[in-house]
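See structure below.
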Amino acid sequence: MGRRYDPERRQRIIDAAIRVAGAKGIAGLSHRSVAAEADVPLGSTTYHFKTLDDLLVAALRQANEGFSKLVAGHEALTDPRADLPAELAALLGEWLAGDRTGVELEYELYLAALRRPALGPVAAEWAEELGVHLARRTDPASARALLALMDGICLQVLLTGVAYDEEWAREVLARVLRPVAGAAPPAT
């Protein structure tokens, strides 16, 4: 019996990995659990992804695409007349109000980079991409500070179960962009 041509198999495996990790966490992810979820032979998962880290990298890249698309869809983020802190606060609110499992999974994969070096470059790509996007409206140092604050806000909401407060988020994001009296301008 010849091999069946299945050009969608790799993508189905990635989608299955995201579903398994979303339901069981990264600890519940294995080639076997993903193969079962994707309804493919175990050999297919190891053919497309030699290691579990390779599969996690693909899953993190795909998970990051969701937030990247959300950012790209907020054209006001590039409008110099728009209130950047308000736009960012609205963006976070939209993201956190969406698929909660997806948001949690994205952060779980992002934080897994602490223990899995293969994920580090993908996590860094995400931060760099968003930093570049924010730097179009502010300086690079402020863009990094905004990104760090946004991560902190999201983690607090996810970890504590406290409701997201968009007005509070707008206020603290605005504080990052407020010049401090007597401070030297940031180095660029």
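The values are calculated or read from the model by the stated rules, or taken from the named source; none is laboratory data. Note that this is a predicted model, so its numbers are computed, not measured. Because the Cβ atoms are built from the backbone with ideal geometry, glycine has one as well, and the counts that use them run over all protein chains shown. For the accessible areas, the whole protein counts, side chains as well, though only heavy atoms, and no ligand, DNA or RNA atoms are used. Shrake-Rupley method; radii C 1.70, N 1.55, O 1.52, S 1.80 Å.
Taken as a whole, region 9-29 holds no residue that is touching a Leu at 6+ places or on another chain (Cβ under 8 Å) and basic (Lys, Arg). For region 74-92, how many residues are over 16 Å from residue 106 (Cβ atoms) and assigned to a helix (DSSP H, G or I)? Total satisfying the criteria: 11. Taking the condition modelled with pLDDT under 90, open to solvent by 70 Å² or more (accessible area, probe 1.4 Å) and of a type in the set (Asp, Glu), does residue 108 pass? Criteria met by residue 108.
Name every residue in region 93-116 that is assigned to a helix (DSSP H, G or I) and either free of Cβ contacts under 8 Å to residues at least 60 places away in the same chain or touching a Pro at 6+ places or on another chain (Cβ under 6 Å) (or both), in order of residue number.
Those that are assigned to a helix (DSSP H, G or I) and either free of Cβ contacts under 8 Å to residues at least 60 places away in the same chain or touching a Pro at 6+ places or on another chain (Cβ under 6 Å) (or both): 94, 95, 100, 103, 106, 107, 110, 111.
Residue 71 fulfils the conditions (1) part of a helix (DSSP H, G or I); (2) free of Cβ contacts under 8 Å to residues at least 24 places away in the same chain except for a single criterion, (2). Scanning region 10-50 for residues that are of a type in the set (A, V, I, L, M, F, W, C) and not in a helix (DSSP H, G or I) gives 29, 40, 49.
In this structure, residue 49 does satisfy being farther than 21 Å from residue 128 by Cβ, open to solvent by less than 30 Å² (accessible area, probe 1.4 Å) and among the aromatic types (Phe, Trp, Tyr). The single residue among 63, 35 that is free of Cβ contacts under 8 Å to residues at least 40 places away in the same chain and within 23 Å of residue 11 (Cβ to Cβ) turns out to be 35. Any chance region 162-178 includes a residue that's open to solvent by 80 Å² or more (accessible area, probe 1.4 Å) and under 27 Å from residue 15 (Cβ atoms)? No: region 162-178 contains no residue that is open to solvent by 80 Å² or more (accessible area, probe 1.4 Å) and under 27 Å from residue 15 (Cβ atoms). One residue stands out in region 154-179 among those that are closer than 19 Å to residue 83 by Cα and β-branched (Val, Ile, Thr): the one that is modelled with the highest pLDDT, namely 172.
Yes/no per residue for (1) of a type in the set (Val, Ile, Thr); (2) farther than 22 Å from residue 20 by Cβ; (3) surrounded by 18 or more Cβ atoms within 10 Å (Cβ to Cβ):
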residue	(1), (2), (3)
39	no, no, no
45	yes, no, yes
95	no, yes, yes
101	yes, no, no
113	no, no, yes
